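Visitor: Quick one: this structure, given as structure tokens, is what I'll be asking you about.
No lab work stands behind these numbers, since they all come straight from the coordinates. Not measured: the values here are computed from a predicted model. All Cβ positions, even for glycine, are placed from backbone atoms using ideal geometry, and neighbour counts span all protein chains on display.
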Amino acid sequence: MPRVESFNVSGGDTAREGWSWRDWVLSCVYGSIMIFQMAFTFFNYNRLGLDRAANAGWLVLAVSGVFGWMPIYTLRKKGGVTEGRSYVHTTVLVDSGIYAVVRHPQFFAGILISLALVLMSQHWLNAVLLAPVVAGTYVDSLRADKDLIEKFGEDYEHYMQRVPGLNPLAGIFRMLRKGEQDHSGDELF
């Protein structure tokens, strides 16, 4: 089996070259919604006085940082990036590190940020705006998968079968199940 590495699905010059104006509009729309959510939360923080919900929002925001920043480290280290180039300019498919848990960690981080803002503001408008952010992010992740299949072919298709796109809980569960299967024939003594 060929060695599989990674490509930053939330950016990169190759993955986005074939985008139409409609693709860019979708990203701009849900990106603008997220910016609105941030400003709205600033002015409506903890509106209902639910401190536990607001604190949970801060926790979700911290977790989003892991999913947002780990790909940068992982792709710089394992993505075959030429010295002096951005981490988005990977040349090999990476399936280790954060990419062993979820295919699109930075897209997932965006969803977590939007969810965190809902918890922090506790306002119905932010809750309603979560839906288009999730939908737009999901559509972008599907487009990224299509682009990456074109770039990496069968290797990426196999990777898609092993690692979920936006569900890290399923990715962790699959990793744990695979680990149990790998050790099921091991002798204790």
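Visitor: Residue farthest toward the positive end of the dipole of region 32-185, with Cβ of Lys/Arg at +1 and Asp/Glu at -1: which of I172, L50, N126?
Guide: It is L50.
Visitor: Okay, moving on. List the residues whose amide H sits under 5 Å from the amide H of V94, counting only those 5 or more places along or on another chain, with H placed 1.01 Å from N in the peptide plane.
Guide: Placed amide hydrogens put E5, S6, F7 under 5 Å from V94.
Visitor: Just tell me which lysines come within less than 21 Å, Cα to Cα, of K78; anything on the same chain fewer than 8 places away is out.
Guide: K151
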